[in-house]
Structures are given as C-alpha cells and as structure tokens.
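Quick notes on the structure that follows.
The values are calculated or read from the model by the stated rules, or taken from the named source; none is laboratory data. Only a predicted model underlies this, so the values are computations on that prediction, with no experimental measurement involved. Cβ: placed from backbone, ideal geometry, glycine included. Neighbour counts: every protein chain shown. Surface accessibility is based on the protein's heavy atoms, side chains included, excluding ligands, DNA and RNA. Shrake-Rupley method; radii C 1.70, N 1.55, O 1.52, S 1.80 Å.
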Amino acid sequence: MNKRETGRPFSGSTLKWLAILLMLADHVGASLLEIFVLNGYGNSPLAGMIEHMEFWWSIDRILRYIGRSAFPIFCFLLVEGAVHTHDIGKYARRLLVFALVSELPFDLALRNHFPWWAHQNVFCTLALGLLAIQIFRKSAGREWRGVAALGAAAILAEVCNTDYGATGVLVITVMYLLRENRIAALAVSYVLLAVGGRIELYALPGFLALLLYNGKRGHQPKYFFYWFYPVHLLALWGLGNFVLPYVIGKI
C-alpha cells in the first residue's frame, strides 16, 4: 500500500482534499439539513419556517450518499501515516487531542445540544484503530496480542458509540494487515462497511479513488486537516442555529 506507483494521479494530499470535500457534503446533510432545516431532534430554531420538506429530504439523501466515500479514504490515509511516521505515539496523542477538541463542535452540529454522551466523533475511532495497528506492529510472532487489542478496541468503540464503531476499527486494521495487497485490502474493507450498514454501499467511489493512489505524500499544510474537522462542524452549527433563522426571518 505504501509503494510508489507511477501513472497514478492521486497523492496523499489529493486524497485528503477529496476526503474533506466528501465529509463536508456529508455533514451539510447530517447537520445543516437533518438537525436544523428538517428539525431532526425537535430543537431547531428553524422549526415551522421551512417548506417543501420532501425536497430537502431528497437533497439530504444525496449529500449523505456522496459523503459515504470520505471514511474509507481517511482510514487508508491513517494506515499510510502509521506506516511512515517516526513517532506513532505522537501520532496517537494528536488524534486523541483533536478528539477532545472536536467533541463540543460535534455535539452541537449533530445534535444541537452539549454534552451529548450517546455518540462520539470519528477521531475516537481513528485513535482506536491506530492503537490496534500499533499492537500488531509490536507483536511479531505473538499475533494473538494484536487480535486481543483489536477486540478490545472494537468493544470500546461500540461501548462509546464512536462514528462507525467496531466496523470502523476493523476496517482500519484490515487495511493495515493487507496493506501489501491494496486490492484485497480495499475489497475486504468495502464488504465490512457494507455489512455494517447498507448505506455504505455508496462508499464505492471512495474505494475506487484509493486505487489511484501513487504512494506520494504530496504537499500537506501542517495541522490544517486536523483543525478542519472541529472548525467546519462549529461553522455548520452557527449557520443552522443563528444565520439561517435570521436570513429566513427577514424574507
């Protein structure tokens, strides 16, 4: 998975930008439309102000289908980072820090309420997947330790109800263990996601994009991709909670 291959157009940076755009589309649906425009949890300031609800539900479905491709790309890039980093402990600490930083924006954007303990953001899933990878890396000849770590991480993901849960942790680990055979890694991961939820069948374009990865890192602004997650969630919450009610109220 980490070998450079000529003739393929996507660097790691290109894939990250693609994943960010896909994630943004997904969250416009999951937050701005479902929570605020469609009043999914009954606490939207837009309640009673929106017409043509069926139309907005249709737009939401399209955005959510488009957004399915973001997660497998992020998982793939996590594995690439784990393989190439000089300090996997620092990498894991960074994920955990941003998991904490993102919790307030995540709760507000996806429930319009804080705290919301019932669901945890995707950085938690990525951190648990990275933990399983690290144990596997240190367990040559004692693979049972890696299997045990994977089981523990998967259980914790389910107990904490992180984004994608145990399935997400398993996908990350499979991508790592099968990294020398990219087609097999992606095929198995796609099946796992699809079994975890039928909507994940729409993640296929993301997996196909990963086949075009050329093994090059590309130019990546330091920390931008980490900060984008909490900042865009907070922006969507602000749009839904303050900007849209003001604009619609003036119309």
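General observations
- Whole-percent carbon and sulfur share, accessible surface of region 118-199, 1.4 Å: 67
- Annotation for region 129-163 versus region 164-236: alpha-carbon center distance of 18 Å.
- Lys pairs, the chain - Cα-Cα below 24 angstrom, 8 or more residues apart or on other chains: 11
- Inter-probe distance in nm under a simple model that places probes 7 Å from Cα toward Cβ, at Val83 and Arg61: 3.8
- Gained length - Arg217 relative to Trp116, 0.36 nm times residue gap less alpha-carbon distance: 32.8 nm
- Assigned charges on the beta-carbon of Lys, Arg, Asp, Glu; region 125-251 dipole about Cα centre (debye): 420
- Modelled label positions at Ile183 and Ala148, each set 7 Å beyond Cα in the direction of Cβ, lie 3.7 nm from each other.
- Whole-number accessible area per residue in Å² for the chain, which is evaluated in the context of all protein chains at 1.4 Å: 50
- For the chain, size of Cβ-based charge dipole, Lys and Arg +1, Asp and Glu -1, in debye: 1020
- Packing-based ranking, highest mean first, of 174-180, 124-130 given that Cβ atoms within 10 Å are counted: 124-130, 174-180
- The eigenvalues of the Cα gyration tensor, multiplied by 5 and square-rooted, give region 131-251 an equivalent ellipsoid with semi-axes of 34, 19, 17 Å from largest to smallest.
- Region 78-135: Rg to Rh, with Rh as the Kirkwood radius over Cα pairs: 1.07
- For region 34-112, the C-alpha radius of gyration divided by 2.2 N^0.38 Å, with N the number of residues, is 1.54.
- Local net charge near Ala109, Cβ-Cβ under 12 Å (Lys/Arg +1, Asp/Glu -1): -3
- Mean shadow area of the chain over all directions, Cα convex hull, nm²: 14.1
- Projecting the Cα atoms of Val147, Ile35, Tyr229 onto the dipole axis of the chain, where Lys and Arg carry +1 and Asp and Glu carry -1 at the beta carbon, places Val147 farthest toward the positive end.
- Taking only alpha carbon atoms, region 39-166 gives an Rg to Rh ratio of 1.08, where Rh is the Kirkwood radius.
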